[in-house]
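The values are calculated or read from the model by the stated rules, or taken from the named source; none is laboratory data. Remember, predicted model here, so these are calculated numbers, not experimental data. Positions of Cβ are generated from backbone atoms using ideal geometry, with glycine treated the same way; all protein chains shown enter the neighbour counts. What goes into the accessible areas is simple: the full protein's heavy atoms, side chains included, and nothing from ligands, DNA or RNA. Shrake-Rupley method; radii C 1.70, N 1.55, O 1.52, S 1.80 Å.
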Amino acid sequence: MVMRNVLIIEDDADIAGLLDIHLSDMNCSCEKVQSGAEGFIKARSGLFDLIILDLMLPEMDGVEVCTRLRALDINTPILMLTAKAEEIDKVLGLECGADDYLTKPFSIRELTARVKAILRRVKMISMDSTESIRFKELTIDLSMHKVTINGNRIDLTPKEFSLLTLLATHPGRNYSREELLRQIWGYEFSGYEHTVNSHVNRLRSKIEPEYEKPTYILTTWGIGYRFNDELT
């Protein structure tokens, strides 16, 4: 089994230790830091398979850490830890680029399910493939995990790439938010549909020529989303 490198950015030593213990059981090697500033420096190395990032941190909060990393095109998957349920809406509203969210207090079972789902998606994306998908100016290179528009590279997070790939490989098919949660995030929890909306909005902001009039990812009212099957 391949060892995974995980960066834990958490100022609560007890929680960080608990994460370390259970992630070690999942064949993960963990590095722990307690401040957002130090975590940001470590995360910039790009040497980690997953970053577990607390929202409330000294020196630099989790939203700022995440936003700065994404601005540097560092697309390491990020699992955000939040102390209160309502803070999830704040994080999503800022669209900082986290891949998933877990509210404290969390169960170990839920934590491991989220981590396994993230790492499974990353593994699937990295599997060898020679296939490319092209729609008008948009090209998705599955083997290189690369998206371009008119030849210009568009940097996507792993979740954004997975979401785009799923929709684009099934043009015209309507996906409910619940289906996308199951297939992209790997879990089924009611009330997390806004996570899907946030990622679709971020993805649209990166690939759509006109954000208000999407060309590629269309909304099917009352159902969810679909990839435009009328593109040539």
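Considering segment 76-95, the residues that are modelled with pLDDT of 75 or more and open to solvent by less than 40 Å² (accessible area, probe 1.4 Å) include one that is farthest from the chain's Cα centre (by Cα), namely 82.
Quick one: residue 12 ticks every box in (1) under 24 Å from residue 71 (Cα atoms); (2) in contact (Cβ under 8 Å) with a residue 40 or more places away in the chain; (3) of a type in the set (Asp, Glu) except a single one, so which number is it? Every condition holds for residue 12 apart from (1). Restricting attention to segment 19-48, the residues that are assigned to a helix (DSSP H, G or I) and open to solvent by less than 70 Å² (accessible area, probe 1.4 Å) total 10. Among residues that are surrounded by fewer than 17 Cβ atoms within 10 Å (Cβ to Cβ) and either assigned to a helix (DSSP H, G or I) or at pLDDT below 90 (or both), residue 109 is included. Within segment 41-60, being out of contact with any strand residue (DSSP E or B) (no Cβ under 8 Å at 6 or more places or on another chain) and modelled with pLDDT of 90 or more holds for 41, 44, 58, 59, 60. Which condition does residue 198 not pass, out of (1) hydroxyl-bearing (Ser, Thr, Tyr); (2) in contact (Cβ under 8 Å) with a residue 24 or more places away in the chain; (3) part of a loop (DSSP other than H, G, I, E, B), if it passes all the others? Going through (1) hydroxyl-bearing (Ser, Thr, Tyr); (2) in contact (Cβ under 8 Å) with a residue 24 or more places away in the chain; (3) part of a loop (DSSP other than H, G, I, E, B) one by one, residue 198 breaks only (3). Within segment 154-168, being open to solvent by 10 Å² or more (accessible area, probe 1.4 Å) and of a type in the set (Ser, Thr, Tyr) holds for one residue alone: 165. When segment 117-173 is filtered for residues that are modelled with pLDDT under 85 and either at positive phi or among the aromatic types (Phe, Trp, Tyr) (or both), only 145 remains. Scanning segment 135-167 for residues that are over 13 Å from residue 207 (Cα atoms) and either of a type in the set (Asp, Glu) or in a strand (DSSP E or B) (or both) yields a single hit, 141. Quick one: in segment 198-228, of everything that is among the polar types (S, T, N, Q) and surrounded by fewer than 16 Cβ atoms within 10 Å (Cβ to Cβ), which residue is nearest to the chain's Cα centre (by Cα)? Taking the candidates together, the pick is 201.
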